[in-house]
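Okay, so here's the structure we're looking at.
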Amino acid sequence: MLRTSCRLSVNPARRVGASSACLVSRQIYNLPKHTPVTVTCCRSLHSTPKYSSASAVLKPSSPENSPTSAVSSHDHDLPVSRIDERKVIVGFPSGEWCRYHHIWLRDHCRCSECFHPVTKQRLVNTFDIPHDVKPVKVESKTEGLEVTWPSAQPHTSLYPWSWLRYNSYDPPLPREQGTEKILWGSKIAQSPPTVSYSEVMEQDDQGLFKWLSNIDKFGFSFVSGVPPTTEATEALVRRIGFIRETQYGRFWDFTSDLAKGDTAYTTLALGAHTDNTYFTDPCGLQLFHLLSHTEGTGGSTLLVDGFYVASLLKELHPTAYEILSRVGVPTHAAGEPGSLYTPTPQGAYPVLRHAKGELAQVRWNNDDRSVMNGLAPSELEEWYDAVRLWNKFLTSADSEYWVQLSAGTAVVVDNHRVLHGRSGFTGKRRMCGAYVGVDEYRSKLAVLQEKFAPDPVSQETASFATVHGRSLWNPAL
């Protein structure tokens, strides 16, 4: 969901279910003694029933009491379930119902024979599952749907209700929204997201979670009170993850001496842009820390929320938005004799990249753009018109957030969302910083969310399905 800042838009384990195949125990997982395992009798998880009656939602298709047609729910306060020819049908207390293919259920069994509890990797061979596999029996349990499969040795699987709802697909049920994105313009200057260095460096990780949550929500965050040294700044970056090395090095400490073949190493003004457009996978985060600026003026930092600008363009000029979402832009980095970077495949990546119908990445640096030689003659002028509108919105007073950085304040930007730039300057300006890969950033954020703000599925299954610090049913798995 997108919103603007102005509201624009171990004891011996007990059994989990009736199946010995789904026990969460040190014995059946053959875990080393030091491996942390959380085990609980699932029947004691809820002092009061979690589900109301769903008997009116789902009726058996025929009165026979055969395994394939009977509604299976000994407890009227549970969802009801039955076996169809190709699917298991589940009726939830809310009045919603879903179908799950037999092969899909069998493929997603999380018992110790089918899923390694420590490595969280599949053990079942998907291709050994018969394409027409069909359960012998289904039963609604407090802890989830229990499914018994035909095999030489009886095999039983248990699927938590919250996990089935989250992963529903026929039909898909609404999921709880993730982090709300706050879109912003120049007025973010009134209250920019900020955390302190001391908070971030605390070993309890709460300050680190606050920092990364700011970035996730706003696309950037300041860190105040940073000691003005390269050592302290690098330690700050490494709180997120390992540093991504590029042709500019691992951790940068630079001035305007053109030590590298890039205009960042000059005193020139830089328009709003994202970095690494010439990489197949641009960096995820970029951190800057101004260590000193002497004998001169200027050098203000520019930040622009690309998602905010894109939302305006989409609303006011939908044709231009569509063109920038479709037409790939060739790019390059060629200032160093020893390197020549172009993304693979060249010219394949548009300014606006989408995933599942939502804007996922802004990728724009007009200075690094190569020859636009892949456009049809009928599209060429349309593309220039679209990118002219894009630039107009990027450079409007409403979009631009200017701030004069000083020693002790670092800023981190989401390079897939927030564009940055600077004004020209005089004097000697010393800057340090680094890149962090998007996967490292997202991994650290996911781990901290798991710790401080767990999703409903992990939260509900943690008591009986946590092995090696993570629920077997974590939605990311």
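Structure notes:
- Annotation: extensible slack from ARG99 through ALA235 equals 44.0 nm (criterion: 0.36 nm per residue apart, minus Cα-Cα distance).
- Residue-wise HN-Hα couplings along the range 222-228, as the Karplus relation 6.51 cos²θ - 1.76 cosθ + 1.60 with θ = phi - 60° gives them from phi, are 7, 10, 9, x, 7, x, x Hz; Gly and Pro carry x.
- Hits among aspartates and glutamates - C-alpha to C-alpha of LYS141 under 17 Å, sequence gap 8 or more where chains match: ASP75, ASP77, GLU460
- Listed values for the range 155-162 are Karplus-derived 3J(HN,Hα) couplings in whole Hz (6.51 cos²θ - 1.76 cosθ + 1.60, θ = phi - 60°), namely 10, 10, 10, 10, 10, x, 4, 5, and x replaces Gly and Pro.
- Amide H within-cut-off set for GLN361, under 5 Å, with H built and near neighbours excluded: ARG353
- Amide hydrogen proximity for ASP205: with H placed 1.01 Å from N in the peptide plane, no residue at 5 or more positions away or on another chain lies under 5 Å.
- For the listed peptides 135-142, 242-249, a ranking on the average number of other beta carbons within 10 Å per residue, highest first, reads 135-142, 242-249.
- Counting 0.36 nm for each residue step from GLU336 to ASP367 and taking away their Cα separation leaves a gain of 9.6 nm.
- Pairs with C-alpha atoms separated by more than 18 Å, drawn from the list LYS187/LYS314; LYS356/LYS444; LYS87/LYS137; LYS210/LYS444, are LYS187/LYS314; LYS356/LYS444.
- VAL447-ALA189 pseudo-label distance in nm [points 7 Å out on the Cα-to-Cβ vector]: 3.8
- Charge context of GLY469, other residues only, Cβ under 13 angstrom, K/R +1, D/E -1: +2
- DSSP-defined beta bridges in the range 139-241 - what % are antiparallel, rounded to 5: 75
- Summary of the geometry: the range 99-136 and the range 250-325, compared by the centres of their Cα atoms, lie 47 Å apart.
- Put simply, the amide H of ALA269, placed in the peptide plane, has neighbours under 5 Å in GLY424, leaving out anything fewer than 5 places away on its chain.
- Listed peptides 289-295, 109-115 by packing density, highest first (mean Cβ within 10 Å): 109-115, 289-295
- Taking a sphere under 15 Å around the Cβ of HIS273 and counting the other residues whose Cβ falls inside, with K and R at +1 and D and E at -1, yields a net charge of -3.
- Surrounding net charge for PRO171, when Lys and Arg each add one and Asp and Glu each subtract one, Cβ distance under 13 Å: +2
- Once the chain from ALA397 to HIS131 is taken as fully extended at 0.36 nm per residue, the excess over their C-alpha distance is 89.8 nm.
Any read-out appearing in this document is the output of simple, stated calculations on the displayed coordinates, not a laboratory observation. If you're wondering where the values come from, they're calculated on a predicted model, not measured in any experiment. Methodologically, a virtual Cβ is constructed for each residue, glycine included, from the backbone with ideal geometry; neighbour enumeration extends over all protein chains shown.
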